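Just below is one structure, and these are the notes that go with it.
Just so it is clear, none of the values below were taken in a lab; they were calculated from the coordinates. In this text, all values refer to a predicted model and were calculated from it rather than measured experimentally. Every residue, glycine as well, gets a Cβ built from its backbone with ideal geometry; the counts of neighbours run over all protein chains shown.
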Amino acid sequence: MDPADRYAGFPPGFFDRADDTPDQVFYGPVRLVTHIDDRAIAAVGALYAELGINGSAPAPRRVLDLMSSWVSHFSTPPAELVVLGMNAEELAANTAATQRLVHDLNTDPRVPLPDADVDAAVCCVSIDYLTRPIEVLTDVGRVLRPGGALAITYSNRCFPTKAVRGWLATDDEQHGLVVAELVRRTGLFDEPRVALRTPPGRGDPLYAVTATRLPTG
Ligand SMILES: C[S@@+](CC[C@H](N)C(=O)[O-])C[C@H]1O[C@@H](n2cnc3c(N)ncnc32)[C@H](O)[C@@H]1O
């Protein structure tokens, strides 16, 4: 597919950002913080458990946490957890991780792993920072084994200068439509499902877009 066609229908500038300096500048300082509240973090762990991608499930064993930091939010971590992010010290502090990859997906959208290397892939509260998300998700599909689960979660907070402009211009429900469409356009997953995972009430909402890697493609 012509790269320009991949994003057909998205308004011009949708994937531009206010701060277009290299991401290593913004993500250079170590941030050992949580980006969502405890209730939303619990919802992430519950989602992973429900999808059978945490360590208490009999399988899968090897999981990729894309755009990771010092916490990955598994209630029980998988046997092998590959964490990919921008900050080496944050990844080093991630006690659930068994493999750490410092890699800028906006510079190179390819995930530095072999084909069909992981059983599941997750991305928590970070998808809005990708300037070429279809290329990244297509490569996530390459490293994910057929039948493997993809779980992308998001809330209503972000680093506004680093989130793409289209994310800032749309609301929580539209974000679900956007992320589902990005996954759909890879052609590598079944129909994405969007759900609000936190109960009504105060606190950070936690939404999930989930899909399963198709057997071919
Ligand atoms: C809001 S934090 C979320 C961290 C973690 N997923 C969590 O749930 O706490 C955003 C993360 O995205 C990662 N990130 C941002 N831009 C990136 C890029 N261009 N390539 C790879 N990772 C990136 C950063 O390293 C940072 O850890």
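Side notes on the structure shown:
- Beta bridges by DSSP in the chain, antiparallel share as percent, to the nearest 5: 40 percent
- Selection from Pro199, Thr34, Ala116, by position along the positive dipole direction of the range 14-212 (Cβ): Pro199
- Kirkwood hydrodynamic radius of the chain, Cα pairs, Å: 17.3 Å
- The Cα center of the range 134-154 and the Cα center of the range 60-121 differ in position by 13 Å.
- When the helices of the chain are scored as -39500 (n - 2.57) per DSSP H run of n ≥ 4 and the total is divided over every residue, the value at 222 nm lands at -7000 deg cm²/dmol.
- Cα-based Rg / Dmax (Å) for the range 24-101: 12.5, 40
- When only the Cβ of Lys, Arg, Asp and Glu is charged (+1, +1, -1, -1), the dipole of the range 14-212 relative to its Cα centre reaches about 220 debye.
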